[in-house]
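Take a look at the structure below.
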Amino acid sequence: MPQATIHITFFFLFMTASTGIVMRYILLSTDQSIIPFSFLLHGHSHIAILGWTFLGTFLIFLKLTWDELKAKKQAIYIIVGTFLITLLMFLAFLYQGYAVYSIIFSTLHIGIEYWMVVFIFKKLKEMKNIPTYSRLFIKGALISLVISSIGPFALGGFGMTGMKESPLFEMAIYFFLHFQYNGWLYLMLIGTFLIILHKKNIRFQHRLIQSSFWIYIISLFPAYVLSILWYGLGITGRILAIFGSAGQFISIILLVTAILQKRKAIQEHFTQHIQMSLLFTFMLLIAKSVMEFGLLHESFAALIFDTRPVIVGYLHLMLLGFISIFILTQYQITGLLNEQQNTVLYGLAIFIFGFVINELVLFTSGLAGWNGWNISFTNELLFFASILLLIGMLLIWSSRFFKMKTNKPS
């Protein structure tokens, strides 16, 4: 696989981290920002989801199937197309925010997504050594990705008709986010992880894994209601939300149970460093699922949706925490990163430390706000956390340029 492909994903992660630092600095500084904060926020979120996580997840699939892949040139075209369109989309957001140019490039990105969906579906038919349960998760991920594209189409329509202040506009945003991180990214990363374990001859009970998948995919649709309970959907909406949150929680517990049953085999095949990364990743996933039960309480849900630090903390918990750390962990397992290199080990440790500080400050400030407390240096701590995240990812990325001292396997 061409080495440039992984550099593209880290370039997107670098841009995500850099814009995060700039936004944190703006909140600290009294100087007038050259680029409006909302424009930066749009660029930051889109390059994070449609650049870093989208391409990072696709790259793991390619790495696992590259030797058997016949259409290698087509895979490279998809990566190059994603790079160019995502970069232009990012620049368009910085230039004018959510308007004509950014909508055009966002629509073109959806075309790339559909291209990738068709590509992976075809490859799944050609490849015979991918277990059935992995195929289920990957197919579910691809379907979720297509469904998520309804959100941007709706946003474009609402934006062009002057409905940006409408609740429907915000609902469309949450629709896109839900089917991205709870659908496409979660399902795809679990699917690739199961392929990794299969390649290491770690086999699961098909019934347990498949039950986890079907419960999750069925509950995925009503779980969207959790994101829009603030709109006041009545008893029907609350029932759907309960069904969705309970289903996703049960599905995740079944999956984790299946993995724990194979913990001895996992300990034999993975270093202690990788084991700790996997443990932390799945702890974040369970924590996220448990937190969603809090949204079922009507007054508590309204309080959460009105508290920006908590919303930002929740999104970062999933995208910066579970998804990004899971991608970096699978990069190491598949050899896209050398887990023995000090720059990778130290870089990931600093990245995780920055993430933990970020989450603690966001959720603590949200809790303080509910109780009328004032916490000092919140913005300063968040700025510090964003710097740690950038330093961490730069150290990890640098391992692809330089051969440095490695640690012995644990």
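Taken together, the values in this text are just the output of simple stated rules run on the coordinates, not laboratory data. All figures in this text were calculated on a predicted structure; none of them were measured in a lab. For neighbour counting, all protein chains shown are included, and Cβ atoms are generated from backbone atoms with ideal geometry for every residue, glycine included.
Computed quantities for the displayed model
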| item | result |
| --- | --- |
| Most to least packed among 199-206, 347-354 [average Cβ atoms within 10 Å] | 347-354, 199-206 |
| For the chain: relative contact order, % (alpha-carbon pairs under 8 angstrom, 6 or more apart) | 16 |
| Segment L168-E68, extension gain: residue separation times 0.36 nm, minus the distance between their alpha carbons | 31.5 nm |
| Relative exposure of H109, H269, judged by other C-beta atoms within 10 Å (fewest first) | H269, H109 |
| Per-peptide average of other Cβ atoms within 10 Å, ordering 173-182, 275-284 highest first | 173-182, 275-284 |
| Protection-proxy order for peptides 43-51, 252-260, each taking the mean of Cβ atoms within 10 Å per residue, highest first | 43-51, 252-260 |
| Which label in (i) 142; (ii) 153; (iii) 480 gives the computed volume of the Cα convex hull per residue in Å³ | (i) |
| Inter-centroid distance (Cα atoms) of segment 38-52 relative to segment 56-74, Å | 25 |
| Reciprocal of mean inverse Cα separation for segment 308-410 (Kirkwood radius, Å) | 14.7 |
| Spin-label model distance (nm) - I286 vs T257, 7 Å beyond Cα toward Cβ | 1.3 |
| Kyte-Doolittle mean at least -0.5, axial Cα span of 18 Å or more - DSSP H helices of the chain | 4-28, 72-96, 100-126, 132-148, 186-199, 206-223, 234-260, 272-291, 342-370, 378-398 |
| Residues whose placed amide H lies under 5 Å from that of Q341, excluding near-sequence neighbours | N407 |
| Distance between segment 335-351 and segment 240-285 - C-alpha centres, whole angstrom | 22 |
| Links that overshoot a 32 Å alpha carbon limit, given the list K122/K200; K73/K139; K122/K264; K123/K262; K139/K200; K73/K264 | K122/K264; K73/K264 |
| Cβ-based net charge around L285, under 15 Å, with every Lys or Arg adding one and every Asp or Glu removing one | -1 |
| Amide hydrogen neighbours beyond the local backbone of S399, cut-off 5 Å, H modeled | none |
| Value of [θ]222 nm, deg cm²/dmol, for the chain, DSSP H segments ≥ 4, -39500 (n - 2.57) each, nearest 500 | -24500 deg cm²/dmol |
